[in-house]
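Data first, discussion second: the structure below is written as structure tokens.
The values are calculated or read from the model by the stated rules, or taken from the named source; none is laboratory data. It should be emphasised that the depicted structure is a prediction, and the values quoted were computed from it without experimental measurement. Methodologically, a virtual Cβ is constructed for each residue, glycine included, from the backbone with ideal geometry; neighbour enumeration extends over all protein chains shown. With ligands, DNA and RNA removed, areas are computed over all heavy atoms of the protein, side chains included. Shrake-Rupley method; radii C 1.70, N 1.55, O 1.52, S 1.80 Å.
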Amino acid sequence: MIALARSRSNKGFLDELTNTRYKNGKINWPSRLHYFSDWMKHNEERGAIRIHTQGAGSHAIDKTVGLIEGLRRRHVRFHIVPRKKIQLARPRLPSGSIVAFASVRSKLDFFHTGFLFYDSQARPSIDDLILYQAQKNAGKVIAEPLPEFLKLNRMKGIAFATPMRPSRLK
């Protein structure tokens, strides 16, 4: 979706999609951004997103990722806001944010991603956030209140970012 929003033509979309998903635009297995912490860092560096996780209620996570066969194990560091402190992050969490859910599993950074939108615009709270996510069991994108998703899933917390407008559409 981000690649589409940042494009004006078919070629621009394909270029943006390639650069969003692969390091240096090289389409091959080692260049693919398999772990979402890598995806977030890469896309912030290229100006496609801005990560807003760091701040009130957040803390750093140091983890070794290595769940995907054929990729070497390595250390990553990223920030999360634990579920009990998400209300503290509300001022940094605008409607349209990209959200990633930090995994409790060893060797995995994030287990799921989606987009967050406020259901109410009048002094919105975390309880008003709706998670739009591709759900494998449903076979489609579904909308679910964020508090429901948080109750049903074990996680260390969330990381989040906002899509950035490109300076020039391709």
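Dipole magnitude for the chain: computed about the Cα centre from +1 point charges on Lys and Arg Cβ and -1 point charges on Asp and Glu Cβ, it is near 500 debye. The relative contact order of the range 84-170, computed from alpha carbon pairs under 8 Å that lie at least 6 residues apart in sequence, is 31 percent. In this structure LEU146 has an accessible area near 0 Å², from a 1.4 Å probe over the protein heavy atoms. Relative contact order, whole percent, for the range 1-153 stands at 13, derived from Cα pairs under 8 Å and 6 or more residues apart.
Residues with beta-carbon under 11 Å from that of LYS41, excluding LYS41: net charge, scoring Lys, Arg +1 and Asp, Glu -1? Please report the intermediate quantities before stating the final value.
Numbers: positive: LYS23, ARG46, ARG77; negative: ASP38, GLU44, GLU45, ASP109.
Net local charge, LYS41 excluded: -1.
Under 20 Å from the Cα of LYS107, which lysines turn up, not counting those fewer than eight places away in the same chain? Filter leaves LYS41, LYS63, LYS156.
Quick check for me: using +1 on Lys/Arg Cβ and -1 on Asp/Glu Cβ, what's the dipole size of the range 1-97 about its Cα centre, in debye to the nearest 20?
Numbers: 20 positive and 7 negative charges, 38 e Å.
With only Lys, Arg, Asp and Glu charged at Cβ, the dipole is about 180 debye.
Under the simplified labelling scheme, the THR162-PHE111 pair shows an inter-label distance of 3.0 nm, with each label point 7 Å from Cα along Cα→Cβ.
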